[in-house]
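**Student:** Take this structure, written in structure tokens, and hold onto it; I'll ask about it next.
The values are calculated or read from the model by the stated rules, or taken from the named source; none is laboratory data. Not measured: the values here are computed from a predicted model. Virtual Cβ from ideal backbone geometry, glycine too; neighbours counted across all protein chains shown. SASA here: full protein model, heavy atoms, side chains in, ligands and nucleic acids out. Shrake-Rupley method; radii C 1.70, N 1.55, O 1.52, S 1.80 Å.
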There are 4 protein chains.
Amino acid sequence: MSMNSFGHLFRVTTWGESHGPALGATVDGCPPGVPLTAEMIQVWLDKRKPGQNKYTTQRREADEVRILSGVFEGVTTGTPIQLMIENTDQRSKDYGDIVEKFRPGHADITYWTKYGIRDYRGGGRSSARETAARVAAGGVAREAIKMLAPDLKITGFMVQMGEHKADNRDMDQIDQNPFWVPDAEAAKTWADYLDGLRKSGSSVGAMIEVIAQNAPAGLGAPVYAKLDTDLSAAMMSINAVKGVEIGAGMQAAMLTGEANADEISMGPDGPVYSSNHAGGILGGISTGQDIVVRFAVKPTSSILTTRKTITKSGENTEIITKGRHDPCVGIRAVPVGEAMMACVILDHMLLHRGQIGSNQGKIG
Amino acid sequence: MSMNSFGHLFRVTTWGESHGPALGATVDGCPPGVPLTAEMIQVWLDKRKPGQNKYTTQRREADEVRILSGVFEGVTTGTPIQLMIENTDQRSKDYGDIVEKFRPGHADITYWTKYGIRDYRGGGRSSARETAARVAAGGVAREAIKMLAPDLKITGFMVQMGEHKADNRDMDQIDQNPFWVPDAEAAKTWADYLDGLRKSGSSVGAMIEVIAQNAPAGLGAPVYAKLDTDLSAAMMSINAVKGVEIGAGMQAAMLTGEANADEISMGPDGPVYSSNHAGGILGGISTGQDIVVRFAVKPTSSILTTRKTITKSGENTEIITKGRHDPCVGIRAVPVGEAMMACVILDHMLLHRGQIGSNQGKIG
Amino acid sequence: MSMNSFGHLFRVTTWGESHGPALGATVDGCPPGVPLTAEMIQVWLDKRKPGQNKYTTQRREADEVRILSGVFEGVTTGTPIQLMIENTDQRSKDYGDIVEKFRPGHADITYWTKYGIRDYRGGGRSSARETAARVAAGGVAREAIKMLAPDLKITGFMVQMGEHKADNRDMDQIDQNPFWVPDAEAAKTWADYLDGLRKSGSSVGAMIEVIAQNAPAGLGAPVYAKLDTDLSAAMMSINAVKGVEIGAGMQAAMLTGEANADEISMGPDGPVYSSNHAGGILGGISTGQDIVVRFAVKPTSSILTTRKTITKSGENTEIITKGRHDPCVGIRAVPVGEAMMACVILDHMLLHRGQIGSNQGKIG
Amino acid sequence: MSMNSFGHLFRVTTWGESHGPALGATVDGCPPGVPLTAEMIQVWLDKRKPGQNKYTTQRREADEVRILSGVFEGVTTGTPIQLMIENTDQRSKDYGDIVEKFRPGHADITYWTKYGIRDYRGGGRSSARETAARVAAGGVAREAIKMLAPDLKITGFMVQMGEHKADNRDMDQIDQNPFWVPDAEAAKTWADYLDGLRKSGSSVGAMIEVIAQNAPAGLGAPVYAKLDTDLSAAMMSINAVKGVEIGAGMQAAMLTGEANADEISMGPDGPVYSSNHAGGILGGISTGQDIVVRFAVKPTSSILTTRKTITKSGENTEIITKGRHDPCVGIRAVPVGEAMMACVILDHMLLHRGQIGSNQGKIG
């Protein structure tokens, strides 16, 4: 019942703080025989790595992952995989204000209130740096999925930044811009918009979508380990996330039954659906359609505008959060959301195999 | 790792199907010494009970709960509490179409695909009747909370039905209408609207908000047992829920850092916040503000309009779902959301006490 | 993390007290498609049932199990199975001494000290009646095992009663005597011995062995979910058990490396071992040999000899425990040990299938 | 449900192999505010460290622990503590026979059979080197216990080596000899005996006892998280352990009810018991007496005598296990047993506090 773990059979425990010597993930329950190298994982870490363009924090971290256990001769052994990432650019000399003052919108005040102690350096455990460990674990999950469901494909992208929505879903565009947005036009508009925010020391929220294509039908375990339940917990656990949607999401509140119920017909390879309001999940179990999750990331609370706050000793004061920060943390949340999707799906594949084996139901 | 359980220390396992002899909840980890009677729990079940007005299913269930264990001389003993509700109005004679056909939008096809067998009677395990067990467990949680935090108050209400939003938050109105909506005007409009839908055999989605007032600061356990993580899992696990929001929710994507960061000042009894975009949770830990959760419920998929579907043997066909159904299942989701909030909050109170005891941090 | 649950994927939660209305087991994670009726389970409950001969408590319980959920048309659905056994012979009128006094050797004093409340009627939750729920759950596990490993056979028997050991292992004898002892001579000696103890109001301990034959190699998950770890937890959780052994057990302390290391050679169907000091488990994983577990049950503490004790208010006093008790509770522990073995083995079959699938290693 | 984790609230996950770059423990759920340095943990690791005298393996490992997270300014923060120990003396050049052959009594054959791959270098994950991580975690637990129950004292010692029992319990002797035996005479006899075994390349088993003095009454959570259940699982999970006993242990089978039921009287500070057959635990809950656990360790299977075995390809062959090994692994199991006791007791202190708080029952 570790508070810093998630997953049932594929179980990930992350550890480490923003400015400690290292952080990482202990991954237990990975199937044996999966080819795995640090390079395979590094690909995904590089995608999340800070300082790659002017839109993300200028902290310079190599984010190099080392595999300390669980892999032998290039293959997973089925025992715990320890993934360690050393912190190299901590710049810990001067923390100034934040030692005594609580930054509004950050976890400073709640960590203090809960624990009576907090590692104030860069947010300590509550720093978004923790998500590097998730991305590393997600890299392991992806390789295991490759063995079990080679056609399964997980793709994350931004669909909204502040008031600006992406109008297109041109998946080929995702890798062509620094925002992972599937819309070339939006990419341009967003670049200008974010540049302005960055220069003024402001920040903005974002919405990210992650889809899994070609996931097998039958994943998910009612009633409290539903696939959507586990996905929403996974996404909500990411720093700064305030909302999670499956398929039609919050908009489902506005639909009538006629509009919402995706009709079914028989296709050449099994059931085919007329639409996907369900986001690929019915009753907590995957249908075989695309699994569609969206989540909203709040703007980073580190801004250059003065904000009112209090000190540890209870005095009213003000704070400006200088330092190296992302004007839109949502950008770097894209690979994190993909990683969480990969972990949850692999976990449910193993769970399904455990309880059901190959005795799944057939249609036709 | 039971798939039908939730909670860490206050652990609830539900069991039972829509048309079996009974359903219920096994509640483990309740503190001892909590006064508890069936009547205390029945209050909440009656709130969820079907057939109370024309807007909910006409299935007539007494929904009478029996306490089979864990209570001695009117007080909890600290051992498992078994709460059983017998099914009395199953009308199981004729299931007609649904034995062979999959109802679109329902879990029929996914249960079949996953398990190779399904209890088609009323949806079996995937029926919303399962939520009665949650409400019963929530009743236990409420009594335990009373002992630990007497001022804590949990209130659920509808904020939207289809396109119709509630404009007011007049909490005194909630119990004055069949929709639990805090807006007398909305109640009238909704009555007409839903009556129309009901008569035409249609249905509509809804949005529910649940707030917890006077919850202690410090609840929640980073990084994967955050209070918001557990709340979103709890709400997403409710039948028909497609989206969950904390505080500003999905709208957080549109905010700037200036707008979003709730400013802090010192009040007479501790920190006071200028706003509550955070929904009472920062870094996964409660701030002491109101804890605010919203979730969207899709329209029931059982409608009188013909929909295309397939049979178990893979043939294309059509279906009309007759029977006793709610035109807006969101109504009865209100007490369910409240129950889940109660369970999650109690669980985190116990977790916090376990790890931290009374050594919490102080401000000032 | 329910305290009243065990198992990873095949997860059993028991509930209920000795003198409450009912007790039972909530069984989650059972594979779907397993033929299951109450009668199949009743067979094992009848074996444990009290009052069947003069050597067990004269409490008369029908111990009739009802399946309240999780089975449809005679087959498991993969959803939680609720097994309920009503208490019919509670005789709750007069509890006399035990309301105020703590019976030595019983859990009276510890339940009081822990919880500040205790159901004193027949020991409440700490009564050996709880084991009926385990036996019912074990009945489910046995049926699932039949589907997965038809040749697997679980057999429990007594190997020692007080100072009297069984010299033979004539398995055909087990069902021929009230002690489940595989030794006709021992059965006679024990009958006389126990008759004497019973008449004098005394009691005696016992040692039980449970073996699983034809269990597949590869079950068990290092390092903390080893097959022997889970078996020892399962057996130690049974009321009155004070020691658990695997294979050579405590005697392993006396062996040299030469004596202990079971030699391996290749047989027609795979590896063959020269001996089984390991009890069928190496490094926490089954070898394919017989899995051998032994456990010691202490004598029931309810005896007719006066014992010193104290009252709730801390006064010195004496107590004689009258009532209906087993002179040797070890007898009825035999079916309980078998049930726990069945549950643990099924659980590990599912776990193994989940993580490994069919990619197991091969020899030759 | 990580297979390489144990504990409920104080949750330890170990990782790493004998000949990988490092091994360690991820410790989650530790209370905040506990003073902790690497030096405090190193004390216990040094006690377990190999190569300290001629009776333990000559592998030279510094076994230096590093704290990578969860500690800030010398105090625990309540977030995961990562304890890493680098492997420095792997000597991995030549593994000879063991690449193809299975060593009898070792986990070689079962890891291969389960996973289809095994890290043969020094036993990989099944090596007793894993216990270094447990000892490190136990060091953390001890410091947390100091804050919660300053008088609680955990002591492990050997009570038997092969056929040689310790006749005395002179606790002052424990640290005076390389066997941690509380009997000066035994220490002499054992030295000669073990020297002989060592020279002949043989090995022998041992029995270890671990006691916890001044543990609070009320620890343990029925029915499946009993204190004795969790202790037996903890001890059985240690490499080479084949039996676990609480109090009278397996000998309880031979006792009568009169002999076994420890009588209770009222002392100046609460209940006093005439004896401790229960090992300090009744109904799974601590009484306040000494908690007494014993476990048997089998002889190391690495001996210089030729043993029959088979190869991966299924051929009969023979093997001699050369290399650096302990003639009696039981010696180094003493600090490991202590560490497991510390972890289990702390875990149950937190669990108890979580569910019960300070509302415990009182006597008198």
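**Student:** Hey, how many Å between the Cα centroid of the range C:214-245 and the Cα centroid of the range A:67-134?
**Tutor:** Using only Cα atoms to place each centre, the spacing works out to 37 Å.
**Student:** Same structure, new question: Using square roots of five times the C-alpha gyration tensor eigenvalues, list the equivalent-ellipsoid semi-axes of the range B:5-356 in whole Å, biggest first.
**Tutor:** 34, 26, 19
**Student:** Right, another one. Per residue of the protein assembly as shown, what 222 nm ellipticity follows from adding -39500 (n - 2.57) for every DSSP H run with n ≥ 4, rounded to the nearest 500?
**Tutor:** Using -39500 (n - 2.57) per qualifying helix, the result is -8000 deg cm²/dmol.
**Student:** Kindly give Rg over Rh for the range D:295-355, based on alpha-carbon atoms, with the Kirkwood expression for the hydrodynamic radius.
**Tutor:** That ratio equals 1.28.
**Student:** Mind checking the dipole of the range D:164-262: about its Cα centre, +1 per Lys or Arg Cβ, -1 per Asp or Glu Cβ, Debye to the nearest 20?
**Tutor:** Values: 7 positive and 14 negative charges, 90 e Å.
The dipole of the range D:164-262 has a size of about 440 debye.
**Student:** Remind me, relative contact order of the range C:5-356 in percent, using alpha carbon pairs under 8 angstrom and six or more residues apart?
**Tutor:** Values: 753 pairs, mean separation 78.6, N = 352.
The value is 22 percent.
**Student:** Something else now. What average count of beta carbons from other chains do you get within 10 Å of the Cβ of residues in A:62-75?
**Tutor:** Other-chain Cβ atoms within 10 Å of each residue's Cβ, averaged: 4.
**Student:** What are the semi-axes of the equivalent ellipsoid of the range D:202-355, taken as the square roots of 5 times the eigenvalues of the Cα gyration tensor, listed largest first and rounded to whole Å?
**Tutor:** Over the Cα atoms of the range D:202-355, the semi-axes work out to 38, 17, 14 Å.
**Student:** Moving on. With everything on Cα atoms, drop me the angle between helix D:330-356 and the longest principal axis of chain D, reported from 0 to 90° to the nearest 10.
**Tutor:** 40
**Student:** By the scheme Lys and Arg +1, Asp and Glu -1, what is the net charge of all other residues having a beta-carbon under 9 Å from that of residue D:11?
**Tutor:** Neighbourhood net charge equals -2.
**Student:** Would you work out which of B:291, B:274, B:139 lies farthest towards the positive end of the dipole of the range B:5-356? Charges go on Cβ: Lys and Arg +1, Asp and Glu -1.
**Tutor:** Of the listed residues, the answer is B:139.
**Student:** With a Förster radius of 45 Å, plug the Cβ-Cβ distance of residue B:192 and residue B:315 into 1/(1 + (r/R0)^6) and report the FRET value to the nearest 0.05.
**Tutor:** 0.65
**Student:** List the GluC sites (Glu not before Pro) within the range A:117-164 that DSSP assigns to loop and that have no more than 14 neighbouring Cβ atoms inside 10 Å. Kindly include the intermediate steps, with their values, before the conclusion.
**Tutor:** Values: sites: A:130, A:143, A:163; in loops: A:163.
Listed in order of number, the matching sites are A:163.
**Student:** For helix C:131-148, what angle does its Cα long axis make with the longest principal axis of chain C, in degrees from 0 to 90 and rounded to 10?
**Tutor:** 10
**Student:** What does the charge count near residue A:348 come to, summing +1 for each Lys or Arg and -1 for each Asp or Glu among other residues with Cβ under 10 Å from its Cβ?
**Tutor:** Overall, the nearby charge balance is 0.
**Student:** Additional query: Please list 3J(HN,Hα) in residue order for the range D:15-30, calculated via the Karplus relation 6.51 cos²θ - 1.76 cosθ + 1.60 where θ = phi - 60°; whole Hz, with x for glycine and proline.
**Tutor:** 8, x, 10, 4, 10, x, x, 6, 9, x, 9, 9, 10, 10, x, 5
**Student:** Against the globular-protein guess of 2.2 N^0.38 Å, express the Cα radius of gyration of the protein assembly as shown as a ratio, rounded to two decimals.
**Tutor:** 0.88
**Student:** Residues of C:153-160, mean number of Cβ from any other protein chain within 10 Å of their own Cβ, rounded to a whole number?
**Tutor:** 1
**Student:** Which ³J(HN,Hα) values in Hz, rounded to whole numbers, follow from the phi angles of the range C:4-13 under the Karplus curve 6.51 cos²θ - 1.76 cosθ + 1.60, where θ = phi - 60° and Gly and Pro get x?
**Tutor:** In residue order, the calculated couplings are 10, 10, 9, x, 9, 9, 8, 10, 10, 10 Hz.
**Student:** With just the Cα atoms of the range A:92-180, tell me how far they stretch along each of the three principal axes, in Å, largest first.
**Tutor:** Result for the range A:92-180: principal-axis Cα extents of 50, 37, 26 Å.
**Student:** Something else about it: What's the carbon and sulfur percent of the range B:5-356's accessible surface, probe 1.4 angstrom, rounded to a whole number?
**Tutor:** Carbon and sulfur together cover 49 percent of it.
**Student:** If you fit an axis through the alpha-carbon atoms of helix D:184-199 and take the longest principal axis of the Cα set of chain D, what angle between them do you get, 0 to 90°, nearest 10?
**Tutor:** 20
**Student:** What does the copy distance list look like for residue B:274, label position 7 Å along Cα→Cβ, in nm and ordered from shortest?
**Tutor:** For residue B:274, the other copies' label points sit at 5.1, 7.4, 8.2 nm, shortest first.
**Student:** How charged is the neighbourhood of residue A:173? Take every other residue with its Cβ under 10 Å from the Cβ of residue A:173, and add Lys/Arg as +1 and Asp/Glu as -1.
**Tutor:** Summing Lys and Arg as +1 and Asp and Glu as -1 gives -4.
**Student:** Sort out for me the Cα centre separation of the range A:268-338 from the range A:137-186, rounded to whole Å.
**Tutor:** Cα centres, the range A:268-338 to the range A:137-186: 14 Å.
**Student:** How large is the dipole of the protein assembly as shown about the Cα centre if only Lys and Arg carry +1 and Asp and Glu carry -1, each at its Cβ, rounded to the nearest 20 debye?
**Tutor:** Value, rounded to 20: 0 debye.
**Student:** Further, regarding this structure: Normalised by the empirical 2.2 N^0.38 Å for globular proteins, what value does the Cα Rg of the range C:1-93 take?
**Tutor:** Scaled against compact globular proteins, the figure is 1.19.
**Student:** Per the Kirkwood formula on distinct C-alpha pairs, the Rh of the range C:143-186 is how many angstrom?
**Tutor:** 11.7
**Student:** Name the nearest-to-axis residue of chain D, judged by Cβ distance to the rotation axis taking chain D onto chain B, and quote that distance in whole Å.
**Tutor:** D:354, 1
**Student:** Label position 7 Å from Cα toward Cβ: report the copy-to-copy distances for residue A:199 in nm, one decimal, ordered from shortest.
**Tutor:** Values, ascending and in nm: 6.1, 8.7, 10.6.
**Student:** Using the 7 Å Cα-to-Cβ label point, sort the distances from residue C:89 to its equivalents in the other copies shortest first and give them in nm to one decimal.
**Tutor:** In ascending order, 4.1, 6.5, 7.7 nm.
**Student:** Averaged across orientations, what area in nm² does the convex hull of the alpha carbons in the range C:112-152 project?
**Tutor:** Computed as one quarter of the Cα hull surface, the answer is 4.0 nm².
**Student:** Under 8 Å for C-alpha pairs, at least 6 residues apart: give me the relative contact order for the range D:151-259, rounded to a whole percent. Each step should come with its number before you reach the end.
**Tutor:** On the way: 106 pairs, mean separation 29.0, N = 109.
Normalised by residue count, the contact order of the range D:151-259 is 27 percent.
**Student:** Considering only protein heavy atoms, what per residue accessible area in square angstrom results for the protein assembly as shown with a 1.4 angstrom probe?
**Tutor:** In whole numbers, the protein assembly as shown has 30 Å² accessible per residue.
**Student:** While we're here: Could you list which residues have their amide H under 5 Å from that of residue B:56, counting only those 5 or more apart in sequence or on another chain, with H placed in the peptide plane?
**Tutor:** Under 5 Å from the amide H of residue B:56 lie the amide H atoms of B:51, each far enough along the sequence or on another chain.
**Student:** Right, here's the next one. Amide H neighbours of residue B:221 under 5 Å, counting only residues 5+ apart in sequence or on other chains, H built in-plane at 1.01 Å?
**Tutor:** B:226, B:227
**Student:** Between residue C:265 and residue D:358, what FRET efficiency comes out of the Förster formula 1/(1 + (r/R0)^6) with R0 = 56 Å and r the beta carbon distance, rounded to 0.05?
**Tutor:** 0.35
**Student:** Right, another one. Using a 10 Å cut-off around each Cβ of peptide C:296-305, what is the average number of partner chain Cβ atoms that fall inside?
**Tutor:** Across C:296-305, the average partner-chain Cβ count within 10 Å equals 6.
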